[in-house]
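Right, one structure below, let's go through it.
The values are calculated or read from the model by the stated rules, or taken from the named source; none is laboratory data. Being a predicted model, the structure only gives us computed values, none of them experimental. Cβ sites come from the backbone with ideal geometry, for glycine too, and all protein chains shown count toward neighbours. The protein model used for the area step is the full one, side chains on, heavy atoms only, and it has no ligands, DNA or RNA in it. Shrake-Rupley method; radii C 1.70, N 1.55, O 1.52, S 1.80 Å.
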Amino acid sequence: MIGEKEKILIGVVKKPRGNSGEVSVIPLTFNPERFTKLTTVQLEYKNGEIRQLKVKSVRFHKKIVIVKFKNVNTPADAWMLEGANITINKSETIDLPEGYYFEHDIYECDVYDENGKLLGKVNSILKTGTNDIFIINSGKDEILLPAIEIFIKNINIKEKTIIVTLPEYV
């Protein structure tokens, strides 16, 4: 399990919460309830360090997930986790409703307009709070395309293609 190469980002540790070693987590998943089913996660730090931790408990406060990991018992222990990405193995992903996609599946998709003209590849996804914005790199320019139904006509993950209608401003 640890040797599995592809990891999926599901949250980011923000800071300690309370005095028992709990941490606040910003969920980056379609269904934050999935945290309640986790037993083990990987924490990946910006310096490349990876730690595997067992989940002891999970609760929710507004849009934040509060996680208690085993052997993290003080605020000082919890501060050591700050900023870490919480990842799982790709094999542990949940099924999504039709019309929803994992970000990692969208990256590197070829994007075509409705006439079949290649516009470029999705190389980044910008989170705005309201809707995502696909950043499409054409090799010369970047196209910022809101990921909403009016512009996204078809996504085919197996073929790594997206068909779009460009906004008038592009």
message: For a quick check: with amide H placed at 1.01 Å from N, whose amide H comes under 5 Å from Gly120's, ignoring anything fewer than 5 positions away on the same chain?
response: Val111
Within the stretch 84-131, GluC sites (Glu not before Pro) in DSSP loop having at most 11 other beta-carbon neighbours inside 10 Å: Glu98, Glu108, Glu114
- prompt: How much area per residue is accessible in the chain when the probe is 1.4 Å and only protein heavy atoms are counted (Å²)?
  reply: 62
field: Range in the chain, longest, excluding exposed chymotrypsin sites (Phe, Trp or Tyr not before Pro) [loop by DSSP; at most 11 other beta-carbon atoms within 10 Å]
entry: 1-99
statement: So, for the Cα atoms of the chain, Rg and Dmax in Å stand at 18.6, 59
field: Amide H contacts under 5 Å for Asp132, placed H, 5+ residues apart
entry: Ala147
message: To check you understand DSSP bridge types, tell me what percent of the beta bridges within the chain (both residues inside) are antiparallel, rounded to 5.
response: 90
query: What's the carbon and sulfur percent of the chain's accessible surface, probe 1.4 angstrom, rounded to a whole number?
result: 51
- request: Per residue of the stretch 152-159, in order, report the coupling 6.51 cos²θ - 1.76 cosθ + 1.60 (Karplus, θ = phi - 60°) as ³J(HN,Hα) in whole Hz, putting x for Gly and Pro.
  value: 8, 8, 7, 10, 10, 5, 4, 8
- prompt: Direction-averaged shadow area of the convex hull around the Cα atoms of the stretch 97-138, nm²?
  reply: 3.6
